[in-house]
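Note sheet for the following structure.
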Protein chains: 2
Amino acid sequence: MEKNRRYILADRPVGMPDETHLKLEEVEIPEPGPNEVLLKTRYLSLDPYMRGRMNDTASYATPLQLGDVMTGEAVSEVVTSNQPDLKPGDLVMGRTGWQTYSVTTPENLTRIDPSLAPPSAWLGVIGMPGFTAYVGLLEFGKPKAGETVVVSAASGAVGQVVGQIAKMKGCRVVGVAGAEDKCRHVVDQYGFDACVNYKDEDFPEQLKAACPDGIDVYFENVGGKVFDAVMTLVNNFARIPVCGRIAHYNQTSLPEGPDRLIPFMGQILIKRLMFRGFIQSDHSELLPAFRQDMAQWLRDGTVSYQEDVVEGIENALTAFQGLLQGRNRGKLVVKVS
Amino acid sequence: MEKNRRYILADRPVGMPDETHLKLEEVEIPEPGPNEVLLKTRYLSLDPYMRGRMNDTASYATPLQLGDVMTGEAVSEVVTSNQPDLKPGDLVMGRTGWQTYSVTTPENLTRIDPSLAPPSAWLGVIGMPGFTAYVGLLEFGKPKAGETVVVSAASGAVGQVVGQIAKMKGCRVVGVAGAEDKCRHVVDQYGFDACVNYKDEDFPEQLKAACPDGIDVYFENVGGKVFDAVMTLVNNFARIPVCGRIAHYNQTSLPEGPDRLIPFMGQILIKRLMFRGFIQSDHSELLPAFRQDMAQWLRDGTVSYQEDVVEGIENALTAFQGLLQGRNRGKLVVKVS
């Protein structure tokens, strides 16, 4: 008889998570109670923020408890419904976790419209990562025509959308990625003006050459040496939406000094820089406009996207490790059923 | 015969500037050419930003060259005018430098209206420092009623105005200053809800006690340990207008590690903080509204102010050293004539 296969947080990782931290187990498929639905997971989203959920430190979300199912968005199909608005076969999206079956109530779910975009895209370009790009770039980056926008993790789920929206706004768009093929992809596929590989030894010089007029908007996804190189090139009045810092998610100790926070604050003042950390979920009032815009952009071909689809929930952990190491190509999703 | 007495930048200071860096010299009073006016300085403003002008590093203003008259705003009286719009006896304000006489053209001057505020106040509460407070707090701090606003250098020219505007907005206002009498003054005179002395050993605990609901806006004037203590108390979505960092202006080397820039960026992300460096001169479109608001606030007593008036240009350097050490009480001006 079929079981529910799920990953639970068995231990908190220090550094890279592995199978001692995320354990795949099999349990009975849960029974939906009154007003609940039983869902079968079709696609599970894997996103960098999930690494933070494994820690026991204060963040914008409550940390997972040991023994909890690993958190994650998924697109699922309704199997059984004790609720009039959803019926078997309906496709929904929700934070149902790393598992093959789940039980929840309708208020935790969003019905998806496969006529606007295919099911998996609701976890990517027209889902949370796409919305993250839209909010961060338009609300906080505020790019103006002719400005230079730099996007780190440029070929990732968020970066690819940031760059394409910035191109629509008439900006020079420069990506930063960690592989030649990723760089080629964002230039050829999404129309970025340039893309620089941060693993190249002369990366700072390459970035400088790609940004002859300096940098007006830096969409921060990674931190580390990319951030350092960008900071030497930012123009007066540059805006830096801070979306993620993947280079630091597995970091286990602080780097040695000197303490660069002091000159950093000096640079904020002298160059009149704007930094703003943000999380898309604080901006749900913009979600309807985003869905409408993105559906249109997908229809008319202004935005395209790349997905990296891994088959089978048993490969989710390895795929997630790869995500933290930049081994994915585009938005990483697990095809679960 | 009377001479022009002026301070020139003779050498670039490392650390605290002294008389080897700023030399007082006497030269002939200059003759105004066509369309120029000869001015006699009445009040010279001394402000922390001037320390930065002595360095040879890129900043928002071109650094002074060795031999230049030290830069500074002053209120002056027209002595001779070769220009129809200004006549002897008119009072004007301009960046005429640390000297007793100057020659300039009208486009570098603003006529002041002594019916709105006394001449020296045009260097303080209704001048550049007051405008700095207005722009930074209202444009970037965006305080909302019920929020907690913390102001460093609270009794200084900018801080005293920040606190009083924040009170008008219905905020809890907590000052930070470096002396008991400064703290008492901002509470008794300007209606701050509390003020904490950063020189007290238990300053971080005192600040925490004064901010029971955390900090929503921090108006940054100083850096150093005040900034560090504030950062442990900022709420989600806090806004930090970065106006000055006086604790670091004479700093000659970077503090040792660890490198706190990394966790700092993490905090920006997790708490969705907004940092924005700013200079009032980028926002001159707001100047008319400011002058109108401030004149009204002074008339109706909503805003009061404290000036620290030093007599004689020969005391300007000592007074400026005191300013960098927090020895002034309120807005520091030199009464020149």
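Annotations for the structure displayed:
- Residue satisfying condition, being open to solvent by 10 Å² or more (accessible area, probe 1.4 Å) and either in the same structural domain as B:Arg51 (by TED's automatic domain parsing) or at pLDDT 95 or above (or both), within set B:Glu220, B:Glu205, B:Glu256: B:Glu205
- Residues of segment B:33-75 that are open to solvent by 30 Å² or more (accessible area, probe 1.4 Å), of a type outside the set (Ser, Thr, Tyr), in a loop (DSSP other than H, G, I, E, B) and touching a residue at least 24 places away in the same chain (Cβ under 8 Å): B:Pro34, B:Asn35, B:Glu36, B:Pro48, B:Asn55, B:Asp56, B:Gln65, B:Leu66, B:Gly67, B:Asp68.
- If you go through segment A:125-141 and keep only what is in contact with a Lys or Arg (Cβ under 6 Å, 6 or more places away or on another chain) and open to solvent by 10 Å² or more (accessible area, probe 1.4 Å), you end up with just A:Phe140.
- Residue within segment B:235-246 that is over 23 Å from B:Tyr198 (Cα atoms), outside the structural domain of B:Ala61 (by TED's automatic domain parsing) and in contact with a Gly (Cβ under 9 Å, 6 or more places away or on another chain) present: yes
- Taking segment B:278-316 as the range and being farther than 24 Å from B:Gln99 by Cβ, acidic (Asp, Glu) and in contact with a strand residue (DSSP E or B) (Cβ under 9 Å, 6 or more places away or on another chain) as the test, only B:Asp282 passes.
- Subset of segment A:245-269 [more than 7 Å from chain B (Cβ to nearest Cβ) and under 30 Å from A:Gln321 (Cα atoms)]: A:Ile246, A:Ala247, A:Tyr249, A:Asn250, A:Gln251, A:Thr252, A:Ser253
- In segment A:99-118, the residue that is nearest to A:Val334 (Cα to Cα) out of those that are without any contact (Cβ under 8 Å) to a residue 60 or more places away in the chain and open to solvent by 40 Å² or more (accessible area, probe 1.4 Å) is A:Pro118.
- Any hit, segment A:142-152, residues being surrounded by fewer than 22 Cβ atoms within 10 Å (Cβ to Cβ) and touching a strand residue (DSSP E or B) at 6+ places or on another chain (Cβ under 7 Å): yes
- Subset of segment A:322-337 (residues that are basic (Lys, Arg) and not in a loop (DSSP other than H, G, I, E, B)): A:Lys331, A:Lys335
- Selection within segment A:270-324: residues that are in contact with a Gly (Cβ under 7 Å, 6 or more places away or on another chain) and either open to solvent by less than 10 Å² (accessible area, probe 1.4 Å) or more than 14 Å from every other protein chain (Cβ to nearest Cβ) (or both). The member of this set that is nearest to B:Thr57 (Cα to Cα) is A:Leu273.
- Count of residues meeting criterion [buried (at least 22 other Cβ atoms within 10 Å of the Cβ) and assigned to a helix (DSSP H, G or I)] in segment B:178-201: 4
- Among the conditions (1) free of Cβ contacts under 8 Å to residues at least 40 places away in the same chain; (2) outside the structural domain of A:Pro114 (by TED's automatic domain parsing); (3) under 16 Å from the mean Cα position of the chain (by Cα), the only one that A:Gly322 does not satisfy is (2).
The values are calculated or read from the model by the stated rules, or taken from the named source; none is laboratory data. Remember, predicted model here, so these are calculated numbers, not experimental data. Counting neighbours? That spans all protein chains shown, and the Cβs are built from the backbone with ideal geometry, glycine included. Ligands, DNA and RNA are stripped out before the accessible areas are found, and what is left, the full protein with its side chains, is counted by its heavy atoms. Shrake-Rupley method; radii C 1.70, N 1.55, O 1.52, S 1.80 Å.
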